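See structure below.
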Amino acid sequence: MKDWWKKSVVYQVYPRSFYDSNNDGMGDIKGITLKLDYLKELGIDVIWLSPVFDSPQDDNGYDISDYKRIYHEFGSNEDMYELIEEAHKRDIKILMDLVVNHTSDEHKWFVESKKSKDNPYRDYYIWKDPKDGKEPNNYGSYFSGSAWDYDENTKQYYLHLFSKKQPDLNWENEKVRDEVWDLMKFWMDKGVDGWRLDVISSISKFQDFKDYEVTNPNQKYYIGDYHTNGPRLHEFLKEMNTKVLSKYDCMTVGEAPGSTPQEAKLFTDPDRNELNMIFTFEHMDLDTKQGSINGKWELKDLNLLELKKVFSKWQVQLGDKGWNSLYFANHDQPRIVSRWGNDTVYRKECAKMFATLLHMQKGTPYVYQGEEIGMVNCKFDIKDYNDLEILNAYKHLVKEEKTISEEDFLKAVHIKGRDNARTPMHWDDSKYAGFSKEEPWLKVNSRYKEINVKNDLNSEDSIFKYYQKLIKLRKENDIIVYGDYKLILEEDENIYAYLRTYNDETLLVICNFNEEENTFKLDTNLEYSESKVLISNYNDSPTEFDEIKLRPFESIVYKLKK
């Protein structure tokens, strides 16, 4: 059972937007339990739950005030135990979100920590004296502005890499680490099968806390190498593995922004006993102009050659000393069909092509709720967004610093904003998309009558049925799980094609990455005695593949045998 996660497909649930069982406008844990049969029909093996712990919800649950209690609007601890039990009855495992780089400022540890410099909990967090009457250094927050907030009571600053209501924990303190091991054991003893570890690469801080080099006279705060991969990071993860993870048959995936494949091996090499895999972000940053004061909101067009280079680098360099997490979307990333595809004329073809490209690679695929029915981005006015990242950036960049126009900012939000992925799930074409009978916490996407689960379940050609087939193929073909990866047509600007090889089998994966017709011509010799189309997003893709005129967003997978 040790490596069950290699064959698994993970489905991420964003609980507040999945299904509302009690009609209060917010999704809940009972709602997830009620939809387990739907997920079983899809074929997934693991549910990753975004945070469900008690929280003031400053950052939609990524600000935790009690790690051993379920947030009351999501239900009770008993509801959570029932979800675990019912999922296990269906052979579905549960992955919870471990947010331990920081807590909520309403957690009892921080409430105590703020009281005085000699409080027993003071050293649970990172407190520093002012420097020249200002912040201790020029660290920036991922949510705009400074990463330091001043406390009038004790005349010191505390560090928060995210919201000021999310103070960073001091992992140098052994008591903090023991608290984390304790809460992990609490949930794993209840049956939880593993963890997605939020921004885990940031838990170790460089203890000199020196300034970033000033590269732009107009920029006050910087985000860079000092925010991640600190000197004791892997020591802490090895301790986590020794004290907790090694005692359970579990799965772990760490969120590790800024990591290279070489750094990823430090996390994921089985011989090092740390984590199973990490989430990387390199491919998700390819449509951002790097180095801009406007961060992710400064857009640039995706270059397919760059995407191929990044994916292929991770596929090849991790090799047998690591394992890839395969994803295009999650609660922090928008809908991929809208971001890099055509979400109107070719929405279905597009969604299926992206799924093929990803699921045929080596690694564990992650399906984000609604991705399996081709949900698209929303285009809201600024007043209709809920996301802290969007609202803080709007205030800071548009209104205060005026470094980006409101028009350009909203255009970027419509493409890359996190709320695009957080709108309520579309179950049917009734009011509020069948998510709830009451007005939801966030507006429903206006296209719910066209795009919903009910429609997809009733159509043989649906995106849902395509995902179902992809997932089934992974279970039936070891080559998809274990095969080696090789990029072909490396310099083709329109087609992403690659080979997977395992024993005497080969997969040829061909994806037309745009809405133009493009010609695929095989540029390598393949030895085989038989071939067949394993899956395609058009019903009549050719059985011969030496030269093919590919239709808009067409994807074909050929299985070859020697």
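The values are calculated or read from the model by the stated rules, or taken from the named source; none is laboratory data. Quick caveat, the model's predicted, so the values are computed rather than measured. When we count neighbours, we look across all protein chains shown, and the Cβ atoms used for this are built from the backbone with ideal geometry, even at glycine.
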Task: Top-ranked residue of the stretch 143-158 - restricted to ones that are in a loop (DSSP other than H, G, I, E, B) and under 16 Å from residue 104 (Cα atoms), ranked as modelled with the lowest pLDDT - done: 143
- [ ] Taking only the stretch 9-41 into account, find how many residues are touching a strand residue (DSSP E or B) at 6+ places or on another chain (Cβ under 7 Å) and surrounded by fewer than 23 Cβ atoms within 10 Å (Cβ to Cβ).
- [x] 2
TODO: Just give me the residues in the stretch 196-239 being within 19 Å of residue 269 (Cα to Cα), outside any loop (DSSP other than H, G, I, E, B) and under 22 Å from the mean Cα position of the chain (by Cα), in sequence order.
DONE: 196, 197, 200, 201, 233, 234, 237
TODO: Please indicate, with yes or no, whether at least one residue in the stretch 372-389 is of a type in the set (D, E, K, R), surrounded by fewer than 20 Cβ atoms within 10 Å (Cβ to Cβ) and within 18 Å of residue 165 (Cβ to Cβ).
DONE: no
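Quick grid of which residues meet (1) more than 18 Å from residue 26 (Cβ to Cβ); (2) part of a loop (DSSP other than H, G, I, E, B):
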site: 67; (1), (2): yes, no
site: 74; (1), (2): no, yes
site: 80; (1), (2): no, no
site: 86; (1), (2): yes, no
site: 97; (1), (2): no, no
site: 109; (1), (2): yes, no
site: 112; (1), (2): yes, no
site: 115; (1), (2): yes, yes
site: 136; (1), (2): yes, yes
- [ ] Please give the number of the condition residue 377 fails out of (1) within 20 Å of the chain's Cα centre (by Cα); (2) polar (S, T, N, Q); (3) more than 30 Å from residue 9 (Cβ to Cβ).
- [x] (3)
- [ ] Please list, ordered by first then second residue, the pairs with beta carbon atoms under 7 Å, 6 or more apart or interchain, first in the stretch 147-160 and closer than 11 Å to residue 114 by Cα, second outside any strand (DSSP E or B) and of a type outside the set (D, E, K, R).
- [x] 154/116; 157/130; 157/136; 158/126; 158/167
- [ ] Answer yes or no as to whether residue 10 is under 23 Å from residue 329 (Cβ atoms), aliphatic (A, V, I, L, M), in contact (Cβ under 8 Å) with a residue 40 or more places away in the chain and out of contact with any helix residue (DSSP H, G or I) (no Cβ under 8 Å at 6 or more places or on another chain).
- [x] yes
Task: Boolean, residue 262 is under 28 Å from residue 328 (Cα atoms) and out of contact with any helix residue (DSSP H, G or I) (no Cβ under 8 Å at 6 or more places or on another chain) - done: no
Task: Among (1) part of a helix (DSSP H, G or I); (2) under 17 Å from residue 379 (Cβ atoms), the one test that residue 397 misses - done: (2)
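Among the residues of the stretch 39-61, count how many are modelled with pLDDT of 95 or more and in a loop (DSSP other than H, G, I, E, B). Write out each step before concluding.
First, pick out the residues of the stretch 39-61 that are modelled with pLDDT of 95 or more: 39-56.
Within this subset, residues satisfying the condition of being in a loop (DSSP other than H, G, I, E, B) are 43-45, 50-52, 55-56.
Result for the stretch 39-61: 8.
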Open item on the list: So if I check each of 478, 523, 456, which one is touching a residue at least 24 places away in the same chain (Cβ under 8 Å) and either closer than 26 Å to residue 370 by Cα or among the hydroxyl-bearing types (Ser, Thr, Tyr) (or both)?
Closed with: 456
- [ ] Please find, within the stretch 133-148, the residue that is surrounded by the most Cβ atoms within 10 Å (Cβ to Cβ) out of those that are at positive phi and within 32 Å of the chain's Cα centre (by Cα).
- [x] 144
Open item on the list: Residues that are at pLDDT below 95, surrounded by 17 or more Cβ atoms within 10 Å (Cβ to Cβ) and in a loop (DSSP other than H, G, I, E, B): does the stretch 298-317 have at least one?
Closed with: no
- [ ] Within the stretch 332-352, count every residue that is crowded, with 22+ Cβ neighbours inside 10 Å and either of a type in the set (Phe, Trp, Tyr) or in a loop (DSSP other than H, G, I, E, B) (or both).
- [x] 3
Task: Pairs, first closer than 17 Å to residue 32 by Cβ in the stretch 432-449, second β-branched (Val, Ile, Thr) and part of a loop (DSSP other than H, G, I, E, B), C-beta under 6 Å, six or more apart - done: 433/444
Open item on the list: Anything in the stretch 1-38 that is charged (D, E, K, R), within 30 Å of residue 111 (Cα to Cα) and assigned to a loop (DSSP other than H, G, I, E, B)? List them, or say none.
Closed with: 28
TODO: State which residue pairs qualify: first residue within 16 Å of residue 517 (Cα to Cα) and inside the stretch 536-549, second residue of a type in the set (Lys, Arg) and modelled with pLDDT of 95 or more in any location, beta carbons under 7 Å apart, and separation of 6 or more residues or different chains.
DONE: 537/352; 538/551; 547/521
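Restricting attention to the stretch 472-508, which residues are hydrophobic (A, V, I, L, M, F, W, C) and under 25 Å from residue 344 (Cα atoms)? Talk me through it step by step, then tell me what you get.
Step one: of the stretch 472-508, the residues hydrophobic (A, V, I, L, M, F, W, C) are 473, 479-481, 487-489, 495, 497, 499, 507-508.
Residues satisfying the conditions are 495, 497.
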Task: Top-ranked residue in the stretch 519-562 [being closer than 23 Å to residue 491 by Cα and among the aromatic types (Phe, Trp, Tyr); ranked as surrounded by the fewest Cβ atoms within 10 Å (Cβ to Cβ)] - done: 545
- [ ] Go through the stretch 356-374 and count every residue that is more than 17 Å from residue 494 (Cα to Cα) and in a helix (DSSP H, G or I).
- [x] 4
TODO: Please verify whether the stretch 268-284 includes one or more residues that are within 16 Å of the chain's Cα centre (by Cα), farther than 20 Å from residue 194 by Cα, surrounded by 15 or more Cβ atoms within 10 Å (Cβ to Cβ) and of a type in the set (Asp, Glu).
DONE: yes
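Which of the following residues is under 23 Å from residue 177 (Cβ atoms) and exposed (fewer than 15 other Cβ atoms within 10 Å of the Cβ): 130, 120?
Working: 130 fails: under 23 Å from residue 177 (Cβ atoms).
Result of the check over 130, 120: 120.
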Task: Subset of the stretch 409-429 [surrounded by fewer than 23 Cβ atoms within 10 Å (Cβ to Cβ) and either without any contact (Cβ under 8 Å) to a residue 24 or more places away in the chain or of a type in the set (Gly, Ala, Ser) (or both)] - done: 412
